[in-house]
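The values are calculated or read from the model by the stated rules, or taken from the named source; none is laboratory data. In this text, all values refer to a predicted model and were calculated from it rather than measured experimentally. For neighbour counting, all protein chains shown are included, and Cβ atoms are generated from backbone atoms with ideal geometry for every residue, glycine included. For the accessible areas, the whole protein counts, side chains as well, though only heavy atoms, and no ligand, DNA or RNA atoms are used. Shrake-Rupley method; radii C 1.70, N 1.55, O 1.52, S 1.80 Å.
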Protein chains: 4
Amino acid sequence: MSMHDSDTGFSAKAQTLAAIGRELHARGWVPATSGNFSMRLNGESALVTASGKHKGRLADTDFLAVDLRGQPLGAGKPSAETLLHTQLYAWRDWIDTVLHCHSPNATVLSRLTVGDSLILSDYELQKALRGIDTHATPVRIPIFENTQHIPELAQQVDAYLRANPDCSGYLIRGHGIYCWGANAEECMRHLEALDFLFQCELLAQRHGDRQR
Amino acid sequence: MSMHDSDTGFSAKAQTLAAIGRELHARGWVPATSGNFSMRLNGESALVTASGKHKGRLADTDFLAVDLRGQPLGAGKPSAETLLHTQLYAWRDWIDTVLHCHSPNATVLSRLTVGDSLILSDYELQKALRGIDTHATPVRIPIFENTQHIPELAQQVDAYLRANPDCSGYLIRGHGIYCWGANAEECMRHLEALDFLFQCELLAQRHGDRQR
Amino acid sequence: MSMHDSDTGFSAKAQTLAAIGRELHARGWVPATSGNFSMRLNGESALVTASGKHKGRLADTDFLAVDLRGQPLGAGKPSAETLLHTQLYAWRDWIDTVLHCHSPNATVLSRLTVGDSLILSDYELQKALRGIDTHATPVRIPIFENTQHIPELAQQVDAYLRANPDCSGYLIRGHGIYCWGANAEECMRHLEALDFLFQCELLAQRHGDRQR
Amino acid sequence: MSMHDSDTGFSAKAQTLAAIGRELHARGWVPATSGNFSMRLNGESALVTASGKHKGRLADTDFLAVDLRGQPLGAGKPSAETLLHTQLYAWRDWIDTVLHCHSPNATVLSRLTVGDSLILSDYELQKALRGIDTHATPVRIPIFENTQHIPELAQQVDAYLRANPDCSGYLIRGHGIYCWGANAEECMRHLEALDFLFQCELLAQRHGDRQR
């Protein structure tokens, strides 16, 4: 019974993420099999995209269950960055969905920004982020250096999140964005809002935004 | 009878705005639940999008009726910016539709432009705006500073419109555009024309347009 | 019989142009009812879009027949720029389709370019234009100043075409592009090629193209 | 029997490339009939797009079989650049698909880059290319000067590939990109990855990327 229930949950969540994948691939945010997506299954596990799949054509069999340390609970090879997903589920009970994308805006802005964070301010759309209720509250997006050593990166992310519990997303330099939410809808809202703000920053920097 | 008729009108207008929402979301002009839309119901009321809805997936139940001071006529929480819609219906009898969007072009250009207005000139497409019949007539788009105090902003808009009755849209700095029309089609024409002109201005400013 | 035949031709051509209109509107090249399209009916007449129609939703009734001096052959108001279409049919027997668009690339590049023409060179895609068989042949696109006096503009175009019979398209400053072909397919190929080249020029000019 | 089998293979591959063509045309990477596509049929032949076809509307009859020196095996005129496809099949047994596109990013970046190659580094997406497993490995994309003498260009490509067997794509100045893969899916992954990286480079160069 519980097995069947949890299977149903797996498939429904896989289909939710597949629909998101089609939308994000059409936007060019997960090119060339890049990016990876996950949703929490319960207090101890999550489903995550398998390694190397086309994100615009995900089937149920392209996902696998992992524990919150990122270890697979069955056959299949999880994405190399699985730990960056599961650490978020371990960090906060309310996090239900994590999306990682490689949009051009996120990739380029993370390379152009000098220093370890980007400050967004005076955009009405900052209010789309959890806990922000005015454009006057600056939003800080940390930027971590890219590495192929995921456990090391996970440790840096962990340290940052403990010190900055209101964070709703981060960049990896030359790599992409991670963001999360209490459900798939909120996570997509955060992703849309952050990419919009990155796009605006790139457009504005070309001209020398007066805020800079 | 009249109740039934007005219900019918409500639903037809909600569906018109839902179709517009799908188109505008696909263009990236209402990301992350931003933007809001309204249509006049009669001399004393309008329907407006409820707060926080995904603008690409609007159902009838995502709209509510408000009076022209922006107060809800039934249950539900209207968008925080409802007053910016209803003041336009109160201002001019012929206004039937109001659209508010957060396009990247509108957002960035409103931040980059120094001063309280943007002047558009020598574009053929200016003729798509109500009352303009030659590219030689400059179009002035006022830019208001962003605020979370909507009644204060509404007052500034009101003062501007009384002094500039030919205005067909305005910007809020770092926030987005408001525009209107005698019907949904004209309002979309104004929105398309204004966003096109903003896009051209941004492209041109990168190169140092000779008109500047 | 001939009446019925010509009606059939009218409708088939209207539908060809309606399909083109849907594609061009989706690309953002005919925003806010801008642009106009035509096809030759026979040696003495053409069909052309009526004034002020949404170019993404054209029906048969949105077109009307005109003679080659641009005068309507029935009821309805032809587009103000009809003469710019019909002068091309009068100029060359083989011209069958004329498209006029307001793409952002055409609009902005026509404003940024100093002088009365744009020279395109060293692009492989120049070969998509009629009569060009190597990237080494520079392509000259004339730019006319915008005016609301269409007969005056038509006269300038006429003089240019007589002196430059190989021309396959022109720009009007701050307004858009006109191009033509021996059939709808060739005309679309010219339009796609020219807009692509304009887009490349705008991208390249941002960086200071080495050819400049 | 074998005739029937090989016909089936031809048609299935033509349909695979037609589906790719629809996707690439929608992205604007094969404007105005530009670009050409091929797939290996067996050890001695490949199918390739015929000359001058709209790449978004390819039918089986728009392809023809050629031998690995680029000569047609039946009626029809192969694309002028057929030899650039077949030399790749002759070079490596495992190459199954070759795509040539004219995206704006590839075209403009190939013109802006001084020298005979582009170096991509510190992008996570480099890992989408065959044989690359870290962003820290720089990727070199050679740029050949454009010419209408395809055999001469093929010779230069051949010399480069012999010296650089790990190459997974190249640019032709002002013309476009060639890339390949062990199957259609890998070739599309390479194309998406390379165009994404070109787009990032163009965006970054506008601002003066700190890596430069």
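Which value, in debye to the nearest 20, gives the size of the charge dipole of the stretch B:70-179 about its Cα centre, when Lys and Arg are +1 and Asp and Glu are -1 at the Cβ?
Dipole size: approximately 160 debye.
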Legend entry - 29 Å Cα-Cα reach of A:Lys127 towards lysines, excluding residues that sit fewer than 8 places from it in its own chain: A:Lys13, A:Lys55, B:Lys13, B:Lys53, B:Lys55, B:Lys77
Legend entry - For the stretch C:148-184, residues shielded by at least 30 square angstrom of accessible area compared with the chain on its own, probe 1.4 Å: C:Gln148, C:Gly174
Legend entry - the stretch C:52-101, relative contact order in percent, only Cα pairs under 8 angstrom and at least six apart counted: 25 percent
Inset, instruction - Considering the options D:Gln148, D:Thr134, D:Val114, tell which one lies farthest towards the positive end of the dipole of the stretch D:93-156, charges being +1 on Lys and Arg and -1 on Asp and Glu at the Cβ, about the Cα centre. - result: D:Val114
Inset, instruction - Enumerate the residues in the stretch C:115-139 having an amide nitrogen under 14 Å from the point lying 7 Å beyond the Cα of D:Gln148 toward its Cβ. - result: C:122-139
Inset, instruction - Can you tell me the relative contact order of the stretch A:95-207? Whole percent, Cα pairs under 8 Å, sequence separation 6 or more. - result: 40 percent
Legend entry - Relative contact order (%) - chain C, alpha-carbon pairs under 8 angstrom, separation at least six: 18 percent
Inset, instruction - Assign one of three labels to the stretch B:75-164, namely rounded, prolate or oblate, based on the Cα gyration tensor with a ≥ b ≥ c the square roots of its eigenvalues; rounded applies when a/c is under 1.5, prolate when it is not and a/b is larger than b/c, and oblate otherwise. - result: prolate
Inset, instruction - Compare each residue of the stretch C:108-123 in its chain alone against the assembly with all protein chains, and report those whose accessible area goes down by 20 Å² or more; 1.4 Å probe, heavy atoms. - result: C:Val108, C:Arg111, C:Leu112, C:Asp122, C:Tyr123
Legend entry - B:Ala19/B:Asp166 FRET efficiency (R0 41 Å; Cβ-Cβ; nearest 0.05): 0.90
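Determine the shielding of peptide C:37-44 by partner chains: average, over its residues, the number of Cβ atoms on other chains within 10 angstrom of each Cβ.
For peptide C:37-44, the averaged partner shielding equals 0.
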Inset, instruction - Round to the nearest 10 and report in Å² the accessible area of C:Thr16, as given by a 1.4 Å probe over the protein chains' heavy atoms. - result: 50 Å²
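From the square roots a ≥ b ≥ c of the eigenvalues of the alpha-carbon gyration tensor of the stretch D:18-82, which class results: rounded (a/c under 1.5), prolate (a/b over b/c), or oblate?
Details: a/c = 2.17, a/b = 1.87, b/c = 1.16.
Verdict is prolate for the stretch D:18-82.
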Inset, instruction - Between A:Ala163, A:Ala80, A:Ala184, find the one with the highest GNM mean-square fluctuation for chain A; connect C-alpha pairs within less than 10 Å. - result: A:Ala163
Inset, instruction - Using a 1.4 Å probe and ignoring any ligands, DNA or RNA, find the accessible area of C:Leu83 and quote it in Å² to the nearest 10. - result: 50 Å²
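Taking the Cα centre of the protein assembly as shown as origin, sum charge times position over the Cβ atoms of Lys and Arg (+1) and Asp and Glu (-1), and report the length of that vector in debye to the nearest 20.
It comes to approximately 1040 debye.
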Legend entry - Cα centroid separation - the stretch D:81-110 against the stretch B:74-117, whole Å: 50 Å
Legend entry - Buried area at the A-D interface (accessible, heavy atoms, 1.4 Å probe, summed, Å²): 2100 Å²
Inset, instruction - Let me have the 222 nm mean residue ellipticity of the protein assembly as shown computed from DSSP H runs of 4+ only, each contributing -39500 (n - 2.57), with the sum over all residues rounded to the nearest 500. - result: -13000 deg cm²/dmol
Inset, instruction - Please report, as a whole percent, how much of the solvent-accessible surface of the stretch D:87-188 comes from carbon and sulfur atoms (probe radius 1.4 Å). - result: 49 percent
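Set the Förster distance to 45 Å, then compute FRET efficiency between D:Asn183 and C:Thr61 from the Cβ-Cβ distance, nearest 0.05. Show your work: numbers first, answer last.
On the way: r = 50 Å, r/R0 = 1.10.
Calculated value: 0.35.
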Inset, instruction - State in Å² the accessible area per residue of the protein assembly as shown; use a 1.4 Å probe, count heavy atoms of protein chains only, and round to the nearest integer. - result: 39 Å²
Inset, instruction - Determine the dipole magnitude for chain A: charges of +1 sit on the beta-carbon of Lys and Arg, -1 on that of Asp and Glu, nothing else is charged, the reference point is the Cα centre, and the result goes in debye to the nearest 20. - result: 540 debye
Inset, instruction - Would you check the accessible area of A:Arg130, probe 1.4 Å, heavy atoms only, in square angstrom rounded to 10? - result: 100 Å²
Inset, instruction - Can you bin the protein assembly as shown into rounded, prolate or oblate? Criterion: square roots of the alpha carbon gyration tensor eigenvalues sorted a ≥ b ≥ c, rounded for a/c under 1.5, prolate for a/b above b/c, oblate for the rest. - result: oblate
